[in-house]
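Below: one structure, written as C-alpha cells.
The values are calculated or read from the model by the stated rules, or taken from the named source; none is laboratory data. Computed from a prediction, not measured in an experiment: that's the story for all the values here. For neighbour counting, all protein chains shown are included, and Cβ atoms are generated from backbone atoms with ideal geometry for every residue, glycine included.
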C-alpha cells in the first residue's frame, strides 16, 4: 500500500475526524481533529505500519484560532512510505502524548513544551529540555521578542548586544586580504 492509499484508508476509517488532506510533490499530509489525533496515530502505527516517528514539531499561528498546530512526521521501514499528520491546538489546550506509542516522542514533546509551551497530557516526564528550570518564557512563540527578554541572571542570559569586537571568531574588516583578516592571524606566533 502506498501513502495515497493509506490516506484513503484513514478517510474511510475516521471519516469526519479527517479535516483535509494535501498531496504536494509526492508527500501526503492529513489534517485531523485534536480529539482524534492519538487514535489516528495509533492506527498509523499498528495498522498502517508506521513504525518510526521521525519528528514532532509545532507551529505558532499567532493571530489565528486555534493558535498552535502540532506536526507529526511518520515513516514505515517495511513499506518506505512517509506521512505527515497535523492537528490544530488552542493556546490553553493540551495534546495527548504519543510517547507510549513511540519512544522517540519523549524528547520531541519535551522540546515542544520547552520552546512553545504546549502541554502533553500523560507524558511521563514533561520538563524543560533546553532552557533552565524556572525560565518563564517560551522562546519559539512569535510574540517572544528577537532580542530576548530581560533576565535577573545577566551572567547566564543577557539581553544586551553580544560583545563581538576583537573576539576570537571575528574577522578584521580592515585587513588587506582574507588571510590577514582571520582571527588567528592576530595572535603572535610562539
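Annotations
- Residue match in region 47-55 (condition: on the phi > 0 side of the Ramachandran plot and in contact with a strand residue (DSSP E or B) (Cβ under 7 Å, 6 or more places away or on another chain)): yes
- Any hit, region 137-144, residues being out of contact with any strand residue (DSSP E or B) (no Cβ under 9 Å at 6 or more places or on another chain), within 18 Å of residue 68 (Cβ to Cβ) and part of a helix (DSSP H, G or I): no
Yes/no matrix, rows are residues, columns are (1) in contact with a helix residue (DSSP H, G or I) (Cβ under 6 Å, 6 or more places away or on another chain); (2) over 28 Å from residue 69 (Cα atoms); (3) at pLDDT 90 or above:
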{"position": "105", "(1), (2), (3)": "no, no, yes"}
{"position": "115", "(1), (2), (3)": "no, no, yes"}
{"position": "123", "(1), (2), (3)": "yes, no, yes"}
{"position": "152", "(1), (2), (3)": "no, yes, no"}
{"position": "174", "(1), (2), (3)": "no, yes, no"}
{"position": "178", "(1), (2), (3)": "no, yes, no"}
{"position": "183", "(1), (2), (3)": "no, yes, no"}
{"position": "186", "(1), (2), (3)": "no, yes, no"}
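- Per the conditions (1) in contact with a strand residue (DSSP E or B) (Cβ under 7 Å, 6 or more places away or on another chain); (2) farther than 30 Å from residue 133 by Cα, the sole criterion not satisfied by residue 70 is (2).
- Residues in region 106-134 that are in contact with a strand residue (DSSP E or B) (Cβ under 6 Å, 6 or more places away or on another chain) and not in a loop (DSSP other than H, G, I, E, B): 7 in all.
- Filtering region 123-146 to residues that are over 23 Å from residue 63 (Cβ atoms) and either surrounded by 14 or more Cβ atoms within 10 Å (Cβ to Cβ) or within 13 Å of the chain's Cα centre (by Cα) (or both) leaves 123, 126, 128, 129, 130, 131, 135.
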